[in-house]
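J.: Next up is a structure, given as structure tokens.
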Amino acid sequence: MKKLLSYSTKYIDNEIKKYHESAKRGIDTDTDFKEMLYQRLDRRIAEQAYDWIINSLCDLFFWYAGGGDIRMQLDADKTAAKESYYIATLIGVLCYEMIEKGFSHHVLDSGYPYDFKKHNFNFSKAAILANEYELALKMTGTDTVEGALVSHNYLLACALLPKSPEDDSIGTDEIRQCMWAIAHADEKLFNKYMEKRIKMLRRYARLSLTTFDSWGLAAIKLAHQRGIQCNLNVIELPYQFLDDIRIDTSGLTFPKAEQIRSIIGEKESQIKE
């Protein structure tokens, strides 16, 4: 039986209802912002400000991934959601290719350089939600917990994780704890930590309202591949919209991909010299 969690305050419930009403009217209305992001990337390429390109790619990644979240949440068009996630994935892969080739960037996390490897799930989740697991591995790598789960190497995932899901190293990271449960094929613990995550998100709702948990949904996708079911019935996790169908991506491209790969190629040539 699926567990129903009540909202902690009327505020959250009312805000979610208002968000759904406004989001349905707001799909595709921020194209001006997307155009500004593309113009900024073009300018940085033209000025050869290559240390800022990863920043621009990240901005575009989150624009497309956010579009996928909106469409998935409202069930407006699951195919359109996957298309947005797919283009976000293409951009994310380029980010990781540039990082692998040694390009510098100015992406920060609490004032420090962003650790793309450590936080790969922020990007690879788009590929997982698009059912593009081979592309997900280009961001996770094969030597991370996320990569091990994506490639079904559960023994490696267990080896990379601490012995206990309550270990201090992951004790405040509910998604990591869910990954621990997936690696160990423990459905009860998976649902325990997913419930813990939802309660945490609701606790901070007045500071940052979360109506759709794409991190949680991507974890549920990985859990399904392990034969684990989510038993929570919460608005933040509309996993009834998830499926294993890959869309036709033949007409989907990131228009700046060729330019970015040319820049990566120049860097490789310089290294060889």
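The values are calculated or read from the model by the stated rules, or taken from the named source; none is laboratory data. Computed from a predicted structure; not experimentally measured. Note: ideal-geometry Cβ built from the backbone for every residue, glycine included; neighbour counts use all protein chains shown. When the accessible area is computed, the model is the full protein with side chains, heavy atoms only, and any ligands, DNA or RNA have been set aside. Shrake-Rupley method; radii C 1.70, N 1.55, O 1.52, S 1.80 Å.
J.: Restricting to the stretch 40-92, count the residues that are under 24 Å from G265 (Cβ atoms) and of a type in the set (S, T, N, Q).
T.: Looking only at that region, the number is 4.
J.: Additional query: Can you tell me how many residues within the stretch 99-137 are over 28 Å from Y239 (Cβ atoms) and part of a loop (DSSP other than H, G, I, E, B)?
T.: Count: 11.
J.: Continuing with this model, one more query. Of the numbered conditions (1) in contact (Cβ under 8 Å) with a residue 24 or more places away in the chain; (2) under 15 Å from the mean Cα position of the chain (by Cα); (3) buried (at least 17 other Cβ atoms within 10 Å of the Cβ), T140 fails exactly one; give the number of that condition.
T.: (1) is the only condition that T140 fails.
J.: Here's a check for you: in the stretch 35-55, which residue that is more than 22 Å from the chain's Cα centre (by Cα) and open to solvent by less than 60 Å² (accessible area, probe 1.4 Å) is nearest to S104 (Cα to Cα)?
T.: So the residue we want is D51.
J.: Check G227 against each of (1) exposed (fewer than 13 other Cβ atoms within 10 Å of the Cβ); (2) at pLDDT 95 or above; (3) under 30 Å from D51 (Cα atoms); (4) not polar (S, T, N, Q) and name the one condition it does not meet.
T.: Unmet condition: (3).
J.: Checking E236 against (1) among the charged types (D, E, K, R); (2) over 18 Å from the mean Cα position of the chain (by Cα); (3) at pLDDT below 95; (4) assigned to a loop (DSSP other than H, G, I, E, B), which test does it fail?
T.: (2)
J.: Let me ask something else about it. Picking from I128, I91, which residue would you name as being at pLDDT 95 or above, within 23 Å of N153 (Cα to Cα) and of a type in the set (A, V, I, L, M)? Show your work before the answer.
T.: Numbers: I91 fails: within 23 Å of N153 (Cα to Cα).
One residue alone meets the criteria, I128.
J.: Within the stretch 207-217, is even one residue among the polar types (S, T, N, Q) and open to solvent by less than 30 Å² (accessible area, probe 1.4 Å)? Steps first, please.
T.: Restricting attention to the stretch 207-217, the residues satisfying the condition of being among the polar types (S, T, N, Q) are 208, 210-211, 214.
Still in the list and also open to solvent by less than 30 Å² (accessible area, probe 1.4 Å): 211, 214.
Yes - at least one qualifying residue is present in the stretch 207-217.
J.: Restricting the search to the stretch 91-119, which residues are under 22 Å from G216 (Cα atoms) and either more than 15 Å from the chain's Cα centre (by Cα) or surrounded by fewer than 22 Cβ atoms within 10 Å (Cβ to Cβ) (or both)?
T.: Within the stretch 91-119, the first condition is being under 22 Å from G216 (Cα atoms), and the residues that meet it are 91-93, 109, 114-119.
Residues satisfying the conditions are D109, Y114, D115, F116, K117, K118, H119.
J.: May I ask you to list the residues in the stretch 75-90 that are surrounded by 17 or more Cβ atoms within 10 Å (Cβ to Cβ) and more than 13 Å from S56 (Cα to Cα)?
T.: A80, A81, K82, E83, S84, Y85, Y86, I87, T89, L90
J.: For the condition over 20 Å from R246 (Cα atoms), part of a loop (DSSP other than H, G, I, E, B) and either open to solvent by less than 10 Å² (accessible area, probe 1.4 Å) or at pLDDT 95 or above (or both), what is the one hit in I182, I170, I175?
T.: Result of the check over I182, I170, I175: I170.
J.: If you don't mind, another one. When you look at L232, is it among the aliphatic types (A, V, I, L, M) and exposed (fewer than 14 other Cβ atoms within 10 Å of the Cβ), yes or no? Reasoning before the result, please.
T.: Details: among the aliphatic types (A, V, I, L, M): yes; exposed (fewer than 14 other Cβ atoms within 10 Å of the Cβ): no.
Against the criterion (among the aliphatic types (A, V, I, L, M) and exposed (fewer than 14 other Cβ atoms within 10 Å of the Cβ)), L232 does not qualify.
Here is a yes/no grid of residues against (1) in contact (Cβ under 8 Å) with a residue 60 or more places away in the chain; (2) touching an Asp or Glu at 6+ places or on another chain (Cβ under 6 Å); (3) of a type in the set (A, V, I, L, M, F, W, C); (4) within 23 Å of V150 (Cβ to Cβ):
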| position | (1), (2), (3), (4) |
| --- | --- |
| H184 | no, no, no, yes |
| K199 | yes, no, no, no |
| L209 | yes, yes, yes, no |
| A218 | yes, no, yes, yes |
| L222 | yes, no, yes, yes |
| D248 | no, no, no, yes |
| G251 | no, no, no, no |
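J.: Before we move on, is K17 surrounded by fewer than 18 Cβ atoms within 10 Å (Cβ to Cβ) and modelled with pLDDT of 65 or more? Give the derivation first.
T.: On the way: surrounded by fewer than 18 Cβ atoms within 10 Å (Cβ to Cβ): yes; modelled with pLDDT of 65 or more: yes.
It is true that K17 is surrounded by fewer than 18 Cβ atoms within 10 Å (Cβ to Cβ) and modelled with pLDDT of 65 or more.
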